[in-house]
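The values are calculated or read from the model by the stated rules, or taken from the named source; none is laboratory data. Everything numeric in this text was worked out from a predicted model, so none of it was measured. Glycine also receives a Cβ, built like all others from the backbone with ideal geometry; neighbour counts cover every protein chain displayed.
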Amino acid sequence: MRHAISTLAVLSLLAAIPAVRAADQEPAPEISRAAASPQANGQAHTLRTIPEACLRLQGEFTGDPAAPYRFQPVRTSAACQARARVVDARKAGAPGAGWILNDRIRVPSAACPGQQAVVRVWRQDREAKAPALDAQGKSRIYLEEGLDRAKAGQLAALPVYAVAMSLQGKPCR
């Protein structure tokens with residue numbers, strides 16, 4: 001009996017190793033940051049702003065065991081014209097071929113110390129480059145130049161970001 005229990009424990013540990021290795025094998029993100037400060041239930045907080053997509057990623061711990069974290073993109077301004085798209089990572093196939101892990105944001109819960117929300121942002125690996133800096137050190141697209149490129153069919157594809165949120169740790173009751 002004792003041998004069966006120890007064998008079962010060893011098999012359970014061996015079964016868990018691939019999951020641990022998979023988490024360890026996730027590439028390092030392009031943006032490296034420490035975990036955010038713990039957030040209270042009901043307190044909305046900005047996770048990251050993506051200015052080229054005219055939005056910010058906002059999260060909130062709810063305190064509801066069925067749905068402990070609410071996550072949504074919020075437009076920064078109605079007048080802002082997006083120069084990038086943000087999509088759901090599951091629908092876009094990220095992570096996968098052609099996607100680069102751009103950012104990993106970890107937010108611990110103040111009410112449930114063993115739990116944290118993890119938001120991952122991938123960017124599509126495209127050859128899109130920002131315009132060269134002008135005499136004032138700004139990257140700009142001038143109207144006439146942009147229209148000429150559009151007429152010639154030389155527009156670059158819009159950058160795409162894929163976002164996914166998951167919860168890690170023990171759920172609180």
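Kindly indicate the residue of region 23-35 that is in a loop (DSSP other than H, G, I, E, B) and hydrophobic (A, V, I, L, M, F, W, C) and also nearest to P108 (Cα to Cα) among those meeting that condition. Filtering region 23-35 for residues that are in a loop (DSSP other than H, G, I, E, B) and hydrophobic (A, V, I, L, M, F, W, C), the one nearest to P108 (Cα to Cα) comes out as A35. Of the candidates R56, R123, R140, the single residue that is within 17 Å of P159 (Cα to Cα) and out of contact with any strand residue (DSSP E or B) (no Cβ under 6 Å at 6 or more places or on another chain) is R140. Residues that are outside any loop (DSSP other than H, G, I, E, B), in contact with a helix residue (DSSP H, G or I) (Cβ under 9 Å, 6 or more places away or on another chain) and either at pLDDT below 95 or not small (G, A, S) (or both) are absent from region 128-144. Give just the number: which of (1) closer than 25 Å to S37 by Cα; (2) surrounded by 12 or more Cβ atoms within 10 Å (Cβ to Cβ) does G114 not satisfy? Going through the list (1) closer than 25 Å to S37 by Cα; (2) surrounded by 12 or more Cβ atoms within 10 Å (Cβ to Cβ), G114 breaks only (2). The set of residues in region 30-73 that are exposed (fewer than 14 other Cβ atoms within 10 Å of the Cβ), within 19 Å of V160 (Cβ to Cβ) and touching a residue at least 40 places away in the same chain (Cβ under 8 Å) comprises E30, I31.
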